[in-house]
Every structure is written in C-alpha cells, then in structure tokens.
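The values are calculated or read from the model by the stated rules, or taken from the named source; none is laboratory data. Note that the structure is a prediction, hence the values are computed from the model and not measured. Heads up, the Cβs are rebuilt from the backbone with ideal geometry, glycines too, and the neighbour counts pull from every protein chain shown.
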Amino acid sequence: MGKKVLIADRALMMRKSIVKGALESGGYEVVGDTDSIRECLELAQKFTPDIVITEVILRETESDTDQTGITLTKALREQNPDIAVVFLSDMTQDSFRRLAFAAGAKGFLSKSVIHPSQKLLDELEKTLNA
C-alpha cells in the first residue's frame, strides 16, 4: 500500500475526482477528504496520514472564522509533526507561500499541476523528497 493521504479543500470536485483520482492512480491511498479544519484534524488522528494536501482557503461559514490551510497546518504540526503538509492552491502569491512554510508546510504547488495527473504526482514526489 502507498503513502496515506488526506485531502482538505473547499471544492468538492477537486477533492473527489481530480486530486483523489490522480493520487490513487499513482499508488497513494486516500484515507479521507474534507473542507473543514476540525474534521481534517479528526481524520488525521484516526488515520495518521503521511501527507495532508490542503488549500489556502477552506470552508467559509459564519461559525468558522478562521478556516485556512495555514491554521490547519499549524494544528496538524502540533498534533503530529511527522505529517507532511503540502499546499495545492490556485492562490500562489509569495505571501501565501511564506505563510504556509512558516506554519510548517513541506511544499506549495500550483493547482495548474493537476493536469495531466502525472505532473501532479511528479511534483508531489519532488516536494516530498526535497
């Protein structure tokens, strides 16, 4: 079995089809997906993934005031510092990259790498092996 991956992204289609399909075709085991920090932390505790792939902005509701991948990364690093957090985002400005790495992210990829799926897999492997 490949590395276990948990996906946290606000876009259901991104989680369910594009990223999950690419990862599974590349030998990764997707153990869950969500758009919520709370649920991601619960899933991470339950499944102990090797990798969490997240987006800069997660779910936005009135009760969830700080639903960002940056906040999630900090919480994951406190919960289990061995989990590699990789951002997959279309918000690729340097300020977001700096915040992600300062929070403990291992990598920051543009969503432009998801097509073709092999490009996503290659970029993810490069990031994790750097």
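What to note about this one:
- Qualifying position, being buried (at least 22 other Cβ atoms within 10 Å of the Cβ), of a type in the set (D, E, K, R) and either under 20 Å from residue 129 (Cα atoms) or in contact with a Gly (Cβ under 9 Å, 6 or more places away or on another chain) (or both), among 55, 24, 39, 29: 55
- Candidate set from the range 53-63 (those that are part of a loop (DSSP other than H, G, I, E, B) and at pLDDT below 90); member that is nearest to residue 111 (Cα to Cα): 58
Okay, residues lined up against (1) outside any helix (DSSP H, G or I); (2) in contact with an Asp or Glu (Cβ under 6 Å, 6 or more places away or on another chain); (3) in contact (Cβ under 8 Å) with a residue 24 or more places away in the chain:
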| residue | (1), (2), (3) |
| --- | --- |
| 40 | no, no, yes |
| 43 | no, no, yes |
| 76 | no, no, yes |
| 88 | yes, no, yes |
| 101 | no, no, no |
| 119 | no, no, no |
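- Answer from 66, 82, 50, 94 - the residue that is among the acidic types (Asp, Glu), surrounded by fewer than 20 Cβ atoms within 10 Å (Cβ to Cβ) and at pLDDT below 90: 66
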